[in-house]
Amino acid sequence: MATKSTNAYRCTECGWQTAKWVGRCGECQSWGTVVSAAENEGITRAVRATVLDSARIARPITEISSDVAAHWATGIGEFDRVLGGGLVPGAAILLSGEPGVGKSTLLLEVAAKAAEEHLRVLYVSAEESVSQVKLRAERTHSLSPTLMLAAETDLATVLGQIDAVQPHLVIVDSVQTVSSASLDSAAGSPTQVREVASSLIRVAKERSLPVLLVGHVTKDGSIAGPRVLEHLVDVVCQFEGDRQTSLRFVRALKNRFGPTDEVGCFEMTSDGISEVPDPSGLFLSRGSDAVSGTCVTVALEGRRALPVEVQALVVSTPSPNPRRVTNGVDSSRVAMILAVLERRARIKLSEQDVYVSTVGGVKLTEPGADLAIALALASAANDRPLPHDLAAFGEISLAGEVRPVSSSRVRASEARRLGFTTILDDESRQLVRALGRAFADPAR
Ligand code: TYD
Ligand code: MG
């Protein structure tokens, strides 16, 4: 028994259709995205082509001016680096991150730097009162007469503020807490977020005004709200960092005006956020005595090479299930390296507790750290320190080969700059040979 039209509702996110209205999409699990599909149905009418006047006809790419993409520097070098040189007039930039990571602090700093240059900045705080923001600004020395504060949560009022203030830069903290009264759904729902973001982006384009939006993240770390938000904005920056440590990274996930493999490095201090233009050395322990179980690797953060020390500790255990505890490195990667060490290099660790950690809590996610982890484990197992000037990077395969990693020249030159003159990389080809070279000099 077929009915005429069973799927009267459709998800605006993924297009999933359903006969009954539901609060949550059965396909993409988004809340509040299922709307009546009635207006989308019906017979598709043929679209007639518009007759274009000569000025609108597509032009050769070589004749188009690229002036619009001129950057103006924010004055915070590490943020400019991520943005690809600075802010672009009319650009919408989304800065996402976990609560308390420092988004508001960074953007207040950006606002203050622009205001110092006598640019009018409108900082719309939809989460904190103006006095709370002022208190923070006092602490971070960000007071300036051209930095205008408004605590607003209504979209129309925010747009009114932009009209009244005529700013050169707008910051909205955050896009999930501003809402439009013309929509029924609550602030932060996909429909609201889309409406707020697209209205602000429209104003940004019309006025050639850069707009910085703060975006919340969900529990799994993705940006809260509709996926379309990331499509709407020009730049998506992700703010990363553990609350336990003061180091923060800002990474560009999408950038229509620059590269996406840049990472900015910052430190949270008691009086605001400060940039760390040279983070090399932060993840190395500074002990002068040679200790077994430590090895330096060179990780790649964006385009930047970052030397990181890996530490391993190996302890005999009577337990039939020895412990494998890792911090900053992937535990399954360590398990694989332990297996390769045992089978290919005859270093037996199956009856020992193994602890592997990075210095400074930095996370090593790339396989380039394999060789240093293996060397640190071998050094710990044999209780023989590695040469103090040794740095190693390379991926280890199950066959016991050392495989090349990207940007090895950049990594090696950064290691040399910090005094690591013995570099072990894929040139040794086999893990056994790399181990032989690392432990070759008995005097050390
Ligand atoms: P905040 O910028 O409010 O985070 P977000 O907007 O991402 O939620 O930063 C909040 C944290 O930063 C808070 O735990 C205190 C810390 N902080 C500093 O360490 N130094 C400072 O100068 C400021 C203003 C905050
Ligand atoms: Mg905040």
* Rg in Å to one decimal, and Dmax rounded to a whole Å, for region 103-256 via C-alpha atoms -> 15.1, 43
* Rounded, prolate or oblate (a/c below 1.5 giving rounded, otherwise prolate when a/b exceeds b/c) for region 210-260 by Cα gyration tensor -> oblate
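Looking only at region 115-239, where both bridge partners belong to it, what percent of the DSSP beta bridges are antiparallel (to the nearest 5)?
5 percent
Tally up the carbon and sulfur contribution to the accessible surface of region 186-256 as a whole percent, 1.4 Å probe, everything protein left in place. Don't skip to the end; give the middle numbers.
On the way: 1500 of 3080 Å².
Answer for region 186-256: carbon and sulfur cover 49 percent of the accessible area.
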* **Accessible surface ranking that places the most exposed of Ile337, Ile61 first, with a 1.4 angstrom probe** => Ile61, Ile337
* **Rg followed by Dmax, in Å, when the chain is reduced to its Cα trace** => 27.1, 87
* Structure fact -> Amide H proximity to Ala8 below 5 Å, modelled H, separation 5+ or other chain, gives Thr18, Ala19
* Structure fact -> Under the helix-only model (-39500 (n - 2.57) for each DSSP H run of 4 or more, divided by the residues of the chain), the mean residue ellipticity at 222 nm, to 500 deg cm²/dmol, is -7500 deg cm²/dmol
* Reachable lysines from Lys113, criterion Cα separation under 27 angstrom, eight or more residues apart if same chain -> Lys103, Lys134, Lys205, Lys254
* Structure fact -> Quick note, region 286-444: a/c under 1.5 would make it rounded; otherwise a/b > b/c is prolate and the rest oblate (a ≥ b ≥ c, C-alpha gyration tensor); here it is rounded
* Structure fact -> With DSSP loop assignment and no more than 15 other C-beta atoms within 10 Å, the trypsin sites (Lys or Arg not before Pro) in region 273-345 are Arg286, Arg303, Arg323
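Between the DSSP loop rule and a limit of at most 11 other Cβ atoms within 10 Å, which trypsin sites (Lys or Arg not before Pro) in region 146-235 are left?
Of the trypsin sites (Lys or Arg not before Pro), the ones in loops of region 146-235 whose Cβ has at most 11 other Cβ atoms within 10 Å are Lys219.
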* Does region 188-278 come out rounded, prolate or oblate, given a ≥ b ≥ c as the square roots of the eigenvalues of its C-alpha gyration tensor, rounded meaning a/c under 1.5 and, failing that, prolate meaning a/b above b/c? -> prolate
* Where both residues lie in the chain, what percent of DSSP beta bridges are antiparallel, nearest 5? -> 55 percent
* Please give the per residue accessible area of region 107-230, computed with a probe of 1.4 Å over protein heavy atoms only, in Å². => 44 Å²
* To do: Report ³J(HN,Hα) in whole Hz for each residue of region 233-246, in order, from the Karplus equation J = 6.51 cos²θ - 1.76 cosθ + 1.60 where θ = phi - 60°; Gly and Pro get x.
  => 7, 8, 10, 10, 10, 10, 9, 10, x, 7, 6, 6, 10, 8
* Percentage relative contact order, the chain, counting C-alpha pairs under 8 Å, at least six apart -> 12 percent
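Determine the sum of side-chain charges near Leu232: Lys and Arg each +1, Asp and Glu each -1, restricted to other residues whose C-beta is under 14 angstrom from that of Leu232. Intermediate values should be presented prior to the final figure.
On the way: positive: Arg194, Arg202, Lys205, Arg227, Lys254, Arg256; negative: Glu13, Glu195, Glu230, Asp234.
Local charge sum for Leu232: +2.
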* Using a 1.4 Å probe on the protein chains only, how many percent of the accessible area of region 355-444 belongs to carbon and sulfur? -> 49 percent
* Asked: How many Å² of accessible area per residue for region 373-444, probe 1.4 Å?
  -> 50 Å²
* Calculate what fraction, in whole %, of the accessible area of region 69-111 sits on carbon and sulfur atoms when a 1.4 Å probe is rolled over the protein chains. => 57 percent
* Asked: Any idea how far apart Val130 and Asp289 come out in nm if each label point goes 7 Å out from Cα toward Cβ?
  -> 6.0 nm
* At a Förster radius of 45 Å, what calculated FRET efficiency corresponds to the Cβ-Cβ distance of Ser182 and Thr245, to the nearest 0.05? -> 0.55
* Structure fact -> Output for region 58-181 (equivalent-ellipsoid semi-axes, sqrt of 5λ from the C-alpha gyration tensor, Å, descending) is 26, 18, 15
* Asked: For region 111-179, what's the radius of gyration and Dmax over Cα atoms, in angstrom?
  -> 11.4, 31
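The values are calculated or read from the model by the stated rules, or taken from the named source; none is laboratory data. Quick caveat: nothing in here was measured; it's all calculated off a predicted structure. Virtual Cβ from ideal backbone geometry, glycine too; neighbours counted across all protein chains shown. Please note that ligands, DNA and RNA were not included when accessible areas were found on the heavy atoms of the full protein model with its side chains. Shrake-Rupley method; radii C 1.70, N 1.55, O 1.52, S 1.80 Å.
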